[in-house]
1. For the structure I just gave you, tell me whether Gly46 is touching a helix residue (DSSP H, G or I) at 6+ places or on another chain (Cβ under 9 Å) and in contact (Cβ under 8 Å) with a residue 12 or more places away in the chain.
2. Scan region 172-195 residue by residue and report those that are open to solvent by less than 80 Å² (accessible area, probe 1.4 Å) and charged (D, E, K, R).
3. How many residues does region 136-147 contain that are surrounded by fewer than 12 Cβ atoms within 10 Å (Cβ to Cβ) and aliphatic (A, V, I, L, M)?
4. Could you tell me which of the residues Ile63, Ile82 is in contact with a Lys or Arg (Cβ under 8 Å, 6 or more places away or on another chain) and either open to solvent by less than 70 Å² (accessible area, probe 1.4 Å) or of a type outside the set (D, E, K, R) (or both)?
5. Among the candidates Asp76, Asp102, Asp116, Asp84, single out the residue that is charged (D, E, K, R) and without any contact (Cβ under 8 Å) to a residue 40 or more places away in the chain.
6. If you check Glu167, Glu119, Glu114, which single one turns out to be within 25 Å of Ala51 (Cβ to Cβ) and surrounded by 12 or more Cβ atoms within 10 Å (Cβ to Cβ)?
7. When you go through Cys133, Cys150 one by one, which is the residue that is of a type outside the set (Lys, Arg), modelled with pLDDT under 95 and surrounded by 13 or more Cβ atoms within 10 Å (Cβ to Cβ)?
8. Tell me the residue from Leu58, Leu72, Leu96 that is in contact with an Asp or Glu (Cβ under 7 Å, 6 or more places away or on another chain) and either surrounded by 15 or more Cβ atoms within 10 Å (Cβ to Cβ) or farther than 27 Å from Val206 by Cα (or both), please.
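The values are calculated or read from the model by the stated rules, or taken from the named source; none is laboratory data. The shown structure was predicted, so the numbers you read here are calculated from the model rather than taken from an experiment. Heads up, the Cβs are rebuilt from the backbone with ideal geometry, glycines too, and the neighbour counts pull from every protein chain shown. Side chains are part of the model used for accessible areas, which takes the heavy atoms of the whole protein and leaves out ligands, DNA and RNA. Shrake-Rupley method; radii C 1.70, N 1.55, O 1.52, S 1.80 Å.
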Amino acid sequence: MRIVIMGAPGSGKGTQSQRLVQRFGIPQISTGDLLRSAVARGTDYGRRAKAAMDSGQLVVDEIVLGIIRERLGEADAAHGFILDGFPRNLAQAQALQSMLADIGAALDAVVLFEVDYAEIIKRISGRRSCPQCARVYNAPKSEPGSPARCDQCADHPVLVQRPDDEEPTVRRRLEVYERETRPLAQFYASRGLLHTIDADAPMDEVTARLIAALASVPAPPPRKAAQAT
């Protein structure tokens, strides 16, 4: 299957995409992960993306499209993929449609995760990460008066809050999502691809709703075999 997972930042797209990877054996392609990798490696794309990510703005299409195009061309994506965090605007959605048409493929389903924005702000602003191994902790607990620390690294460094997880930045990210990304729901609904689920629930319940939505997707018709000449 070729699937797009839509939803506001912090709606649980990444977690549920990983569960689909295990179920279907197709790769999760996350623009956030791809961009953070580019930033960490200090590539030209990474340096240009970092300023936008730190201020809560969307990374320009030129950067995102270039990274996605390269990723879709890799062998493990030939028989399906889960796009997490892409497309984020109408231009990207149209570009994705063109990319897939170039390889004779099309999307099978788009699933929109709905979560109340107040809950999302609480989730994201509570995250902390390790400055060494980059592991993310959701609302980590610690002893009163003591900072939360990484339990994976040998020297247990103090966890920090990433700039894009600070509450003012989260609010700006949600404003950008509402303005730029949420309108894609209508774009995909008009093409008969959209499935909406309530994602403000325990993880296993959200997974069950996601699988049920995908189970309703008609199987694509088999490709015609080439005729002998």
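1. Details: touching a helix residue (DSSP H, G or I) at 6+ places or on another chain (Cβ under 9 Å): yes; in contact (Cβ under 8 Å) with a residue 12 or more places away in the chain: no.
No: the conditions fail for Gly46.
2. Of everything in region 172-195, those that are open to solvent by less than 80 Å² (accessible area, probe 1.4 Å) and charged (D, E, K, R) turn out to be Arg173, Glu180, Arg182.
3. Matching residues across region 136-147 total 1.
4. Numbers: Ile82 fails: in contact with a Lys or Arg (Cβ under 8 Å, 6 or more places away or on another chain).
Just a single option satisfies the conditions, and that option is Ile63.
5. Asp102
6. Working: Glu119 fails: within 25 Å of Ala51 (Cβ to Cβ); Glu114 fails: within 25 Å of Ala51 (Cβ to Cβ).
Just one listed residue meets the conditions, Glu167.
7. Cys150
8. Leu58
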